[in-house]
Amino acid sequence: MQLKDNNTAECTESQENSLLEIHDYDEMPPFFMSLISRDNLWAFISSRGSLSAGRESAEKSIFPYVTVDKIHDSYGITGPRTMIRLKGNELWEPFTPHAAKKPDLERTLSKGALGNSICFEEKRIQDGLSFKYRWQPAGRFGLARTACLENRGNQAVQLNVLDGIANILPPGLDSRMQANSSVLTDAYKQSELQANSRMAVYSTASGITDRPEPMENLRANCAWSSGLDEAAVTSGHRST
């Protein structure tokens, strides 16, 4: 996550020269996009913000591998979500599809000409605030999301930001388990925030089985964040 006002540098470290943009994309029916990678990473992203992604095949998913309609309906359940508390206790949730868009909001969806980056942006005309995030492949590190909150107005703004990603899967949950044994797999899932770090580890308590037999699991998926050193990092929907 990055913050930017009129006195600081550009919001993103690297800028695309060739972008394909759709303004007010949220006024269209939801649609699907693929993210191109040079290695075995795959990602399919809904214009509503939810997604499915993984390595090699559906059997190595990072986010649940489900049908298109379920991905469209998964905003707030799978993928990124941002909530910003403004002055006067006003809550701004960029990109939310569950409420009518206010007239002073502008939304833009852009994709790099090479297909290896997808960017969502929402602007508030009345106070000059803008929030955007970009998905890009990150080689051996998997999938990277860069987020930026920018103040383009002339007044300082005090706010609180909650930003995160939901429903990251532990390894070993193939598409059959996700479709037929989702409640059973939920019982095995575990996540923990590493002490003195900004890394979360997602794994299963053991190999998944409904039989009384030992089955060890030594693999895990990891997620971490950088930027905003003063931010508090937590895991779980109910944390405050």
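In whole angstrom, note down how far apart the Cα centers of segment 33-88 and segment 140-178 are. Measuring centre to centre over Cα atoms gives 11 Å. Available extension along the chain between Arg211 and Phe31 is 60.7 nm, counting 0.36 nm per residue and deducting the alpha carbon span. Placing +1 on each Lys and Arg Cβ and -1 on each Asp and Glu Cβ, with no other charges, gives the chain a dipole about its Cα centre of roughly 180 debye.
Order by neighbour count: Trp224, Trp42, Trp92, fewest other Cβ atoms within 10 Å first, most last. Walk me through the intermediate numbers first.
On the way: Trp224 13, Trp42 22, Trp92 19.
Least crowded to most crowded, the residues run Trp224, Trp92, Trp42.
Evaluated at q = 0.08, 0.09, 0.11, 0.15 Å⁻¹, a Debye calculation over the C-alpha positions of the chain (equal weights, vacuum) places log10 I(q)/I(0) at -0.33, -0.42, -0.62, -1.14. Taking the average, over residues, of other Cβ atoms within 10 Å as the packing measure, peptides 212-218, 71-77 rank 71-77, 212-218 from highest down.
With each label modelled as a point 7 angstrom along the Cα→C-beta vector, the Ala138-Glu192 pair spans 2.2 nm. Consider all pairwise Cα distances in segment 168-235 and report the whole-number % of them above 16 Å. In whole percent, the share of Cα-Cα pairs in segment 168-235 beyond 16 Å is 53. Counting only DSSP H runs of at least 4 residues, each contributing -39500 (n - 2.57), and dividing by the residue count of the chain, the helix-based mean residue ellipticity at 222 nm comes to -1500 deg cm²/dmol.
The numbers here are math on the coordinates, done by the rules we state, and not lab data. Because the structure is predicted, anything quoted here is derived from the model rather than measured. We place every Cβ from the backbone using ideal geometry, glycine too, and count neighbours over all the protein chains shown.
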